[in-house]
1. What about residue 38, is it within 30 Å of residue 209 (Cα to Cα) and in contact with a Phe, Trp or Tyr (Cβ under 8 Å, 6 or more places away or on another chain)?
2. Considering each of 249, 269 in turn, give the residue that is among the hydrophobic types (A, V, I, L, M, F, W, C), touching an Asp or Glu at 6+ places or on another chain (Cβ under 9 Å), open to solvent by less than 30 Å² (accessible area, probe 1.4 Å) and part of a strand (DSSP E or B).
3. Among the residues of the stretch 349-379, which ones are more than 12 Å from residue 286 (Cβ to Cβ) and assigned to a helix (DSSP H, G or I)?
4. If I ask for residues that are open to solvent by 30 Å² or more (accessible area, probe 1.4 Å) and without any contact (Cβ under 8 Å) to a residue 60 or more places away in the chain, which ones from the stretch 56-74 would you list?
5. So if I check each of 279, 269, which one is free of Cβ contacts under 8 Å to residues at least 60 places away in the same chain and under 25 Å from residue 367 (Cβ atoms)?
6. Taking into account only those residues within the stretch 33-43 that are over 21 Å from the mean Cα position of the chain (by Cα), open to solvent by less than 60 Å² (accessible area, probe 1.4 Å) and modelled with pLDDT of 85 or more, which is nearest to residue 249 (Cα to Cα)?
7. Mind checking whether some residue in the stretch 229-246 is open to solvent by 70 Å² or more (accessible area, probe 1.4 Å), under 30 Å from residue 361 (Cβ atoms) and either in contact (Cβ under 8 Å) with a residue 12 or more places away in the chain or part of a helix (DSSP H, G or I) (or both)?
Amino acid sequence: MRFLLLLLAIALAAPPAGAQPAGQPAAAPRPGGAAASARLKDLVVLEGAAPVQLVGYGLIVGLDRTGDRARGRSSAPYTVQSIANMLRRFGTTVDPLRLGARNAAAVMVTATLDPFSGPGGRLDVTVSAIGDATSLSGGTLIQTPLLDPLTNLPRVVAQGAVSTGTLLASAAGSSARTGPTNTGRVPGGGLVVEAVSPTLDGTTAGLILRTPDFTNAARVAEAVNARFPAAAEAVHAGLVRVAVPEGGVVALMASLESLQIAVDVPARVVVNERTGTIVAGGDVRISEAMITYGSLVISTQVDPVVSQPGPFSDGQTVAAAVGGVAIDEAQARSVLLPPNADVGELAAALDALGMTARDVIAVFQALSRAGALQGELVIL
């Protein structure tokens, strides 16, 4: 058994005389740096025109004995009952106890309806097994109504072949798969039968920022006012109110969607400890700090020993074990980050220390706890 202990020390140091205070942004932008820009249509959504999430319960048929089991402790009795109810709609009455379900599976069907989709429009739907089905590959979703949770009315009917994009193979009790096979999609399988009625009437229209931010809200209002003087007002970090001109909301949005907005991106570091993924924004700054990295490896080993009795004796063979412990401590290495360092300088310093991705995650966590990370740390 081997144990790896990470020795990490971070010390905040006072900045030298004349240097900028630690944690404060640089007075001048970085050489060659440029603010990111985006179209207004990619930053906001129209108030009163939110997408609608739909849900329904359906059946997938045509599976190759990978559906729900009808009997047993882990069976799905609701599947056979659903099959019996479906057959009854077609004039066939069957006792559910006489039905098998290995070629069918009960699923939950979900979709997101665009508020401007009209009757006859198409959308993709997602199907997810709720029983003990092992694979939905090769199945067909029977026509399923998808309900609006607020009105409980069907807005979409879904039907079609299921695509999982995965492969399941089994032989002699062993199986292997390339991904989850009990979840799939029906591309274009949803047919809109009842449209959503967006509330766009009024003298003002609200622009809701996808990511609320006071700076970006002010910049959106400024860009709109440059096109329509004194028409926009930033209400708060997530809403900009705009006066609707004589042409209506359609003409207003058509003229505003292409406006380029200088986006202020928050200083944020996002880490995923499960996969070792680290994503850091370019505006993240680190105060002057010293990082010391070393490793302590403790190895334990157990060797079996067999004691044999002497010849022609009444002794018995006895098995025993002899343990050993070894400690290997590597020499610690240190690096000193300058004041107001960016993520590029931090990455170069950590790479020089030979750290792994998980060690780097530990460094970011320690920097945040020490107050040296000038940004938000998000751990997934």
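The values are calculated or read from the model by the stated rules, or taken from the named source; none is laboratory data. From a predicted model like this one, the values you see are computed outputs, not experimental measurements. For neighbour counting, all protein chains shown are included, and Cβ atoms are generated from backbone atoms with ideal geometry for every residue, glycine included. When the accessible area is computed, the model is the full protein with side chains, heavy atoms only, and any ligands, DNA or RNA have been set aside. Shrake-Rupley method; radii C 1.70, N 1.55, O 1.52, S 1.80 Å.
1. Criteria not met by residue 38.
2. Being among the hydrophobic types (A, V, I, L, M, F, W, C), touching an Asp or Glu at 6+ places or on another chain (Cβ under 9 Å), open to solvent by less than 30 Å² (accessible area, probe 1.4 Å) and part of a strand (DSSP E or B) holds for just one of 249, 269, which is 269.
3. 351, 352, 357, 358, 359, 360, 361, 362, 365, 369
4. 65, 71, 72, 73, 74 - these are the residues of the stretch 56-74 that are open to solvent by 30 Å² or more (accessible area, probe 1.4 Å) and without any contact (Cβ under 8 Å) to a residue 60 or more places away in the chain.
5. Of the residues listed, the single one that is free of Cβ contacts under 8 Å to residues at least 60 places away in the same chain and under 25 Å from residue 367 (Cβ atoms) is 279.
6. Ranking the qualifying residues of the stretch 33-43, first place goes to 40.
7. Within the stretch 229-246, not a single residue is open to solvent by 70 Å² or more (accessible area, probe 1.4 Å), under 30 Å from residue 361 (Cβ atoms) and either in contact (Cβ under 8 Å) with a residue 12 or more places away in the chain or part of a helix (DSSP H, G or I) (or both).
Okay, residues lined up against (1) buried (at least 16 other Cβ atoms within 10 Å of the Cβ); (2) at pLDDT below 90; (3) part of a strand (DSSP E or B):
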{"site": "88", "(1), (2), (3)": "no, yes, no"}
{"site": "91", "(1), (2), (3)": "no, yes, no"}
{"site": "109", "(1), (2), (3)": "yes, no, yes"}
{"site": "133", "(1), (2), (3)": "yes, yes, no"}
{"site": "145", "(1), (2), (3)": "yes, no, yes"}
{"site": "150", "(1), (2), (3)": "no, yes, no"}
{"site": "158", "(1), (2), (3)": "yes, no, yes"}
{"site": "165", "(1), (2), (3)": "no, yes, no"}
